[in-house]
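The values are calculated or read from the model by the stated rules, or taken from the named source; none is laboratory data. These numbers come from a predicted model, not from an experiment. Cβ coordinates were reconstructed from backbone atoms using ideal geometry, including for glycine residues, and neighbour counts include every protein chain displayed.
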Amino acid sequence: MPLKSWALILLVFIFFGCYEQSPENDSIQDTTADAVRKWIKMAKDSTQLPLEKRTQFLENAKKEAFTSTNDSITLEQLSSISLAYKSLKDSLGFRETNKQVMIMSQETDMFTPLGYSHWDLASFFKSYGALDSAFYHYKKALNSFEQLPKSSSSSSLRGRILYSMGQIQDSYKDYLGAEISATTALRIFDELGDTERIYNCYNLLGILSSGMGDSEKSLEYYQKAGTYLDKLDSPETEELVWQNQNNISNALLRNEDYYSAKVSFKKLLGNKSLEDKDSELYVLALTSLAYAIFKDERNFAECERLLKESIIANDKYDHVEHQARTKQYYAELLAAKGDTANALQYAKESRTVALETHNNDRLLEVLQLLTQLDKANAANYANAYYELNEVIKEEERTKRDKFARIRLDTDKIKEENVLLSRERQLWAGAVLGLVVLGLTTTVIVLQYINNNRLKFKQKQQESNQEIYNLMLSQQGKFEEGRQLEQKRISEELHDGILGEMLGIRLLLSGLNERGDSASVEQRAAFIEKLREVEEDIRTISHELNHASYEKFHNFIVSLEELVSSIQKSSGISCSFTYDKKVHWDNLLGDIKINAYRIVQETLKNCVKHAKCKNIAISFGSTDDKLKLTIKDDGVGFDTNKGKRGIGLRNIISRVKKINGVFDIQSIKGKGTTISVSIPTKYIESEQTKDPITLKPAMNA
């Protein structure tokens, strides 16, 4: 037989030997999958249970997943479990499970779960504002999905990752890299006919062109994006139409086509439900319309009315970050009217909001305006503008370099993987050659001794037949014994336990009609027997209980990290104490985030204004109230005089949101004490899974 034929036979044998599975294994896999799905569903749906119990359900799901012998099924189940941890806001459980998926995927060269694990981690970092880490994992996910065979599904995955990368690059003003990512994603979605994502890509390209200063190109992209909304049948279509109208209007405004921008903004604001459904877009459009009227008609009265309405709406809907833009435009209007004093006041307020919200682009514009309004301090404002502009340029350069390094590193890894793949192929070929050579030698030897073994095989077959007959006989006896044992157990249950229970029931029925002392004693004896059965059942039931799971206190850890970072950065001695009996992580999410922000804002005010050396933070409970106290030994102030700053107003606003009571005590030279009393609420709200979807960017 030719050598090639023997090699083919060997490969076929190995293939079927590796992949053949029995029906019993398939049944086990199905049972495991059902158990995992059950535990995950219980963890998500059992909102009335404590968080530690729900996370214990997910631990049970992980144990079930690892009983599977199929790696791909195990990885798929672990991915679902990691996302369930994420939906429960258990970041520790999510990170640990995600890491397990990543390691197993790399070891088994399974690129689909590896890509999804990087994607999940990128979304996690993006939600916490760590955009550089998010970009790194998006890039790793893209490399994994590029290893998959080309199909509509794998192409869509690559396109969605590229779009997400483009959004992050835009936020860091890496416009060239973002444009490459967006156009590559657009080509993919265009081939797939994915209308909504085509709209998203054109919308992103419009934002990028605006960032690069090409308003004409930006307007073209927005108008092109709008043509796809007519083909889109989605519950979100109305909001997307508003978004597109706002983007087109802003592009016209940047093109200094003020009349067309004014008409476009009026059309957008003509939607009666806009304010109720999207208050942020409503405020932005209101401010932009005022500016367009100011530039086109010089109608100061109408412009001032709209800007005042916008300032009130920003406060009403808590859009603090947009007040810088509105007050800047109002300052320009007042300056045009000749009211320089009030114009200077609003310009300074705009600068304050821009600083507090870290809006550097707006801050640069306001500093330019202040150089014109405040001639006495124009040089200081000009220097501040120059220094800030240089810092921004350096940060943008650093971030672009970081993205370039990430792309370079991942491309190198990709090239190394290709080289490793080739080396593996060469080694596989060499091993196969050695195997074929050894197989050929073996065949020659076997042919040589084959004749001498024929007689032995014949005798062996006869012996095997006898053994087979004995096995059949033994199997019959085994089956007979099994049936006898089943019959014996059935008789024991029927004649023993059931008979005894029936006898007790009949005797109790007869004794129910008797009231003498002997009957009472007999009934008590029978009831005692039934109680013993009950105790046995209860004992078995108790053995099925699981130990409670101790939960990691992420909320307290977050507060400790915040206090530690403030202490390190400011040099102020900070102490933090809390009541360890309180189940902090079981508090409502609104209470936790607002309490965290209150502490954060108060510490910032202490560092900025108090000139203190020590700060003491305590978090305890009395009755059904939580008591948060923050005390410093700074300069203090007169609480009855002066205007409250935006930081203190934000703290008071957050206290009201959680139905708390706010109190501030301060004496000049003796420090300040802030106290917040909060109603305790431990009922967790429904935590639903946050699907990985593409949210279109909105250009303001």
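Would you be able to say whether some residue in region 255-267 is on the phi > 0 side of the Ramachandran plot, without any contact (Cβ under 8 Å) to a residue 60 or more places away in the chain, surrounded by fewer than 24 Cβ atoms within 10 Å (Cβ to Cβ) and of a type in the set (D, E, K, R)? Break it down stepwise before answering.
Initial filter on region 255-267 (on the phi > 0 side of the Ramachandran plot): 256.
Going one step further and asking which of them are without any contact (Cβ under 8 Å) to a residue 60 or more places away in the chain, we end up with 256.
Adding the requirement that they be surrounded by fewer than 24 Cβ atoms within 10 Å (Cβ to Cβ) leaves 256.
Retained after the next criterion (residues that are of a type in the set (D, E, K, R)): 256.
Yes, that holds for at least one residue.
Going through region 40-91 one residue at a time, which ones are surrounded by 16 or more Cβ atoms within 10 Å (Cβ to Cβ), over 17 Å from Ser123 (Cα atoms) and basic (Lys, Arg)?
Lys44, Lys53, Arg54, Lys62
Name the pairs whose Cβ atoms lie under 8 Å apart, with the first residue in region 585-605 and among the polar types (S, T, N, Q), the second in a loop (DSSP other than H, G, I, E, B), and 6 or more positions between them or separate chains?
Asn586/Pro50; Asn586/Tyr682; Asn586/Glu684; Asn594/Ile658; Asn605/Gly645
Among what's in region 179-204 and is of a type in the set (A, V, I, L, M, F, W, C) and in contact with a Ser or Thr (Cβ under 7 Å, 6 or more places away or on another chain), pick the residue that is surrounded by the most Cβ atoms within 10 Å (Cβ to Cβ). Even if it seems obvious, please write down each step before you answer.
Initial filter on region 179-204 (of a type in the set (A, V, I, L, M, F, W, C)): 180, 182, 185-186, 188-189, 192, 198, 201, 204.
If we keep only those that are in contact with a Ser or Thr (Cβ under 7 Å, 6 or more places away or on another chain) as well, we get 188, 192.
Working: Ile188: 22, Leu192: 15.
Across region 179-204, the extreme among qualifying residues is Ile188.
Out of (1) within 21 Å of Ser164 (Cα to Cα); (2) out of contact with any helix residue (DSSP H, G or I) (no Cβ under 9 Å at 6 or more places or on another chain), what's the single condition that is false for Trp119?
(2)
Among (1) part of a loop (DSSP other than H, G, I, E, B); (2) buried (at least 16 other Cβ atoms within 10 Å of the Cβ); (3) at pLDDT 85 or above, which single condition is Leu562 missing?
Looking at each condition in turn, Leu562 falls short on (1).
Does at least one position in region 200-207 carry a residue that is part of a helix (DSSP H, G or I) and under 22 Å from Asn143 (Cα atoms)? Explain how you work it out, then say what you get.
From region 200-207, those part of a helix (DSSP H, G or I) are 200-207; that's our starting set.
Now drop any that are not under 22 Å from Asn143 (Cα atoms), which leaves 201.
Yes; the residues of region 200-207 include at least one that is part of a helix (DSSP H, G or I) and under 22 Å from Asn143 (Cα atoms).
So, Lys295, is that one over 23 Å from Asn247 (Cβ atoms), over 30 Å from the mean Cα position of the chain (by Cα) and of a type in the set (Lys, Arg) or not? Please lay out each step first, then the result.
Details: over 23 Å from Asn247 (Cβ atoms): no; over 30 Å from the mean Cα position of the chain (by Cα): yes; of a type in the set (Lys, Arg): yes.
When the stated conditions are applied, Lys295 does not pass them.
Would you mind stating whether Ile161 is without any contact (Cβ under 8 Å) to a residue 40 or more places away in the chain, more than 28 Å from Ala261 (Cα to Cα), among the aliphatic types (A, V, I, L, M) and assigned to a helix (DSSP H, G or I)? Show your work before the answer.
Numbers: without any contact (Cβ under 8 Å) to a residue 40 or more places away in the chain: no; more than 28 Å from Ala261 (Cα to Cα): yes; among the aliphatic types (A, V, I, L, M): yes; assigned to a helix (DSSP H, G or I): yes.
No.
Which of the following residues is touching a residue at least 24 places away in the same chain (Cβ under 8 Å) and either in a loop (DSSP other than H, G, I, E, B) or within 25 Å of Gln77 (Cβ to Cβ) (or both): Ser155, Ser117? Talk me through it step by step, then tell me what you get.
Numbers: Ser155 fails: either in a loop (DSSP other than H, G, I, E, B) or within 25 Å of Gln77 (Cβ to Cβ) (or both).
After applying the criteria, what remains is Ser117.
I'm told Leu355 meets every condition in (1) free of Cβ contacts under 8 Å to residues at least 12 places away in the same chain; (2) part of a helix (DSSP H, G or I); (3) surrounded by fewer than 14 Cβ atoms within 10 Å (Cβ to Cβ) except one. Can you identify the failing condition by its number?
For Leu355, the failing item is (3).
Keeping to region 276-294, report how many residues are surrounded by fewer than 24 Cβ atoms within 10 Å (Cβ to Cβ) and over 16 Å from Lys308 (Cβ atoms).
6
Anything in region 235-257 that is over 17 Å from Leu289 (Cβ atoms), of a type in the set (D, E, K, R) and in a helix (DSSP H, G or I)? List them, or say none.
Correct list: Glu238, Glu239.
With respect to Lys277, is the statement that it is closer than 30 Å to Ser350 by Cβ and out of contact with any helix residue (DSSP H, G or I) (no Cβ under 6 Å at 6 or more places or on another chain) true?
Numbers: closer than 30 Å to Ser350 by Cβ: yes; out of contact with any helix residue (DSSP H, G or I) (no Cβ under 6 Å at 6 or more places or on another chain): yes.
Here the answer is yes, as Lys277 does meet what is asked.
Starting from region 612-626, take each residue that is farther than 15 Å from Glu560 by Cα and without any contact (Cβ under 8 Å) to a residue 60 or more places away in the chain and list its partners that are of a type in the set (D, E, K, R) and not in a strand (DSSP E or B), counting only C-beta distances under 8 angstrom and pairs at least six apart or across chains.
Cys612/Asp633; Lys613/Asp633; Asn614/Asp633; Ser621/Asp579; Ser621/Lys581
Name the residue, out of Leu232, Leu148, that is of a type in the set (A, V, I, L, M, F, W, C), farther than 24 Å from Asp278 by Cβ and not in a helix (DSSP H, G or I). Before the answer, list the steps.
Working: Leu232 fails: farther than 24 Å from Asp278 by Cβ.
The conditions single out Leu148.
Within region 164-178, restricting attention to residues that are part of a helix (DSSP H, G or I) and in contact (Cβ under 8 Å) with a residue 60 or more places away in the chain, which residue is surrounded by the most Cβ atoms within 10 Å (Cβ to Cβ)?
So the first thing to find is which residues in region 164-178 are part of a helix (DSSP H, G or I), and the list is 164-171, 175-178.
Checking the rest, the ones that are also in contact (Cβ under 8 Å) with a residue 60 or more places away in the chain come to 164, 167, 169-170, 177.
Working: Ser164: 24, Gln167: 23, Gln169: 26, Asp170: 21, Gly177: 21.
Once the filter is applied, the top-ranked residue is Gln169.
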